[in-house]
Amino acid sequence: MATRKLIVDGKEVEAEETLTLLQACEQAGAEIPRFCFHERLSVAGNCRMCLVEWVGAPKPQASCALQVKDIFPNKDGTPAKINTTSPYARKAREGVMEFLLINHPLDCPICDQGGECDLQDQAMGYGRAAFHRFNENKRAVEDKYMGPLVKTIMTRCIQCTRCVRFATEVAGVPDLGATGRGEDMEITTYLEKAFASELSGNVVDLCPVGALTSKPYAFNARPWELRKTESVDVMDAQGCNIRVDTRGPQVMRVLPRLNEEVNEEWISDKARHACDGLSRQRLDRPYIRVGGKLKPASWAEAFAAIAAKVKDTQPDRMAAIVGDLAAAEEIKALKDLMGALRVANIDCRQDGAKIKGGPRQSYLFNSTIAGVEAADAILLVGANPRWDAPVLNARIRKAWLASGVKVANIGPAVDLTYPAEQLGSDIAVLEQIASGGHAFAKTLSDAKRPMIVLGAGVLTRKDGAAILKLAAKIAGDTGMIGPAGTHAEGGWNGFNILHTAASRVAALDLGFLPGANGRDVAGIVEGAQKGEIDFIYLLGADEFDVAHLGRAYIVYQGSHGDAGAHHADVVLPGAAYTEKDGLYVNFEGRVQRARRATFPPGEAKEDWAILRALSEVLGVKLPYDDRATLVAAIEKDVTHFATLNDAPVHADTSAATWGGIGDSGALDHEPVTSAIADYYLTNAVARASETMAQCSREFVSGSSKMAAE
């Protein structure tokens, strides 16, 4: 990479020519104010706050709009001198700040950005101390409608266009733009429609003033009142890094944390705004069904009722199902409890996905999230990343913008925010690709780093196992996987499973699958209807047809009064994901730790602790009395749980590893459908959220329908 020498504030530095002057100055230790510049967006150069002095230049220079290669040396060959703190540069910035504040209203006491506002901070650091010299009336701008999540006070807008560039470049939804010129310029949505993106909440973080704020959070709290806890999102399986802000017992808001490998600095709207569901429909004490109605009970009474039923039930007539939001700790505790009771009917695949526990590579997103940017051909099969994992979808769009990666889709035609060749919704197309009789087979073979992404839309079908085997064959034949000498050199592995449940990979790692002659979820439901299953333990499992469990005795342990609790005979109140320390494994296989931000309500307890207490009543006491001992047991069983925050490296890409994936069998030629009917209502927390209900009405069934349905 070509470099060039500069003298920044008297210090000689060598910077890459492709960097902006602003970035080069910051690498040299200078602090450069900015409003419009953002590292992940294109350069606009329209706020002029980043002015610096280039010694010898006729005027101050906007450092964000100049690249290092544009800064030519002095006539005598010495490096160019850049001053960032000289009186000349300071005066230029003070002038810019004075102009910015001409029309900006004095809303700080009532503005939700107060306390974390770039304009406040930079006005203090780089503005003039004297009163401003403009006495004309301030302009006023009409507020715009951007949907149920983004509140607008457009009089505060300084036209930095960050939101417009984010919508167009990252979200891929050209719903925002500017009208008018000069003082009449306004940021607006086209035709007054809502900002229809699953990533729309990120514009609030990007806005450097209070023009765009969070509508659900409006006037709720000030940033200095909040306690901040680093955690992990469980609304999908990507494991986006988040910060949970609480005041007292209540979660006030959720914000993204920077993690370049997982979510960069974006999170989905569901991760950000479903948090109001944490305080609604909560289970805060045990219940027992008496005379057809659930009645409040003590923990001892609830455990006694469960123990009485377990005592009268044979192990082969008992079952347990893990839900989509469970952490590794309670999955391990429930597996050990069922093992002690000799129960083989256990499963974590509520949706019926035909994935086995074989080699880890067979059920992970092996390319990794960051690896998507290296791919040059992607085949989506029964996956809609825009709803399955919106932040991953933004990565694919980023790769398309950077390299023009070729994307093809087998499944319903949806707007993925980037061009995708639609190959139809007949699974026979996959057979044609496997046999080499389809044009896209050559595209995959010619690509240096090809990828296939299997979604729940095909894995949950009756022929899901056959599709899995076919996909593994395609991966082997086109060089996504295989021995050295193919495209797999350099550690590339293009075989990917896109999960949507946060608990799924951890449960598969821990082996929460049917034992010898055990039943899966479909078998448990069928057995309950036939009277062959008498006792079912649901650990937060609400995403299958609980109403069809016949007369089986149901114990539901979870945080919300959702489908499972409605049909339960005993309800045990557990903790939501913000109320416990827990290990989660994302679809890459990356183990991450969520930290407790607040405590469970009422008599609710952490889920593993409930199972530990129940085991003692059942006479099969589990061997861990605290979380540290439980985590040690998990790490002993599955060693990779000891390594946090790293994506796994799969050295073994030999054909033998992949031989047992899926099953041979005939394909069912039913059309491939989407696994998610409503992005905003996919789990118990989201269904309890008033904000998510508003989004569902607006974007899924309302006037601002998304193209991704």
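Some observations on this one:
- Relative packing of 468-475, 522-529, which averages over residues the other C-beta atoms within 10 Å, highest first: 468-475, 522-529
- Distance from the stretch 32-91 to the stretch 321-363 (C-alpha centre basis), Å: 57
- Listed residue (N393, L470, G437) projecting farthest to the positive dipole end of the stretch 391-471, Cβ model: N393
- When the listed pairs K448/K469; K270/K580; K398/K442 are checked against a 31 Å cut-off, every alpha-carbon distance falls at or below it.
- Per-atom-type breakdown for the stretch 6-112 gives carbon and sulfur 54% of the accessible area (1.4 Å probe, protein chains only).
- In terms of the mean number of neighbouring beta-carbon atoms within 10 Å, the peptides 72-84, 203-215 order highest first as 203-215, 72-84.
- Karplus (6.51, -1.76, 1.60) ³J(HN,Hα), θ = phi - 60°, over the stretch 69-77, in Hz, Gly and Pro reported as x: 5, 7, 8, 7, x, 5, 4, 8, x
- Check: the stretch 236-317 dipole with +1 on Lys, Arg Cβ and -1 on Asp, Glu Cβ, in debye: 720
- The listed residues K309, K59, once ranked by accessible area (1.4 Å probe) with the largest placed first, stand as K59, K309.
- Relative contact order, percent, the chain [alpha-carbon distance under 8 Å, six or more residues apart]: 15
- Rel. contact order, % - alpha carbon contacts under 8 angstrom, at least six apart, the stretch 3-133: 24
- Per residue solvent-accessible surface (Å²) - the chain, probe of 1.4 Å: 40
- Sorting H499, H438, H548, H566 on solvent-accessible area from highest to lowest, probe radius 1.4 Å, gives H566, H548, H438, H499.
- Relative to the longest principal axis of the Cα atoms of the chain, helix 299-311 runs at roughly 50 degrees.
- Computed Rg/Rh of the chain, alpha carbon atoms with Kirkwood Rh: 1.01
- Unit charges on C-beta of K, R, D, E only; dipole of the stretch 386-474, Debye: 340
- Sequence of W224, W608 when ordered by accessible area, the most exposed leading, probe 1.4 angstrom: W224, W608
- The stretch 558-579 versus the stretch 585-618: alpha-carbon centroid distance in Å: 13
- Taking all protein chains as they are arranged and a probe of 1.4 Å, the heavy atoms of I102 leave approximately 40 Å² accessible to solvent.
- Charge tally around L278: other residues with Cβ under 14 Å, Lys/Arg +1 each, Asp/Glu -1 each, net +2.
- When +1 charges are put on Lys and Arg Cβ atoms and -1 charges on Asp and Glu Cβ atoms, the dipole computed for the chain relative to its Cα centre reaches about 800 debye.
- With the whole protein complex present, V649 retains an accessible surface near 140 Å², based on a 1.4 Å probe.
- Taking all protein chains as they are arranged and a probe of 1.4 Å, the heavy atoms of E94 leave approximately 60 Å² accessible to solvent.
- Peptides 409-417, 671-679, 387-395, 684-692 ranked from most to least packed by the mean count of surrounding Cβ atoms within 10 Å: 387-395, 684-692, 409-417, 671-679.
- When only alpha carbons are used to place a centre, the stretch 126-200 and the stretch 218-270 end up 24 Å from one another.
- Bridgeable lysines around K59 (alpha carbons under 25 Å apart, same-chain partners fewer than 8 residues away excluded): K5, K11, K69, K75, K81, K91.
- Dipole orientation for the stretch 349-489: of the candidates G411, G357, M451, G357 has the Cα lying most toward the positive pole (charges on Cβ; Lys, Arg +1; Asp, Glu -1).
- Ordering T691, I288, G56 by the projection of their Cα atoms onto the charge dipole of the chain, which places +1 on the Cβ of Lys and Arg and -1 on the Cβ of Asp and Glu, puts G56 at the extreme positive end.
The values are calculated or read from the model by the stated rules, or taken from the named source; none is laboratory data. The shown structure was predicted, so the numbers you read here are calculated from the model rather than taken from an experiment. Methodologically, a virtual Cβ is constructed for each residue, glycine included, from the backbone with ideal geometry; neighbour enumeration extends over all protein chains shown. Side chains are part of the model used for accessible areas, which takes the heavy atoms of the whole protein and leaves out ligands, DNA and RNA. Shrake-Rupley method; radii C 1.70, N 1.55, O 1.52, S 1.80 Å.
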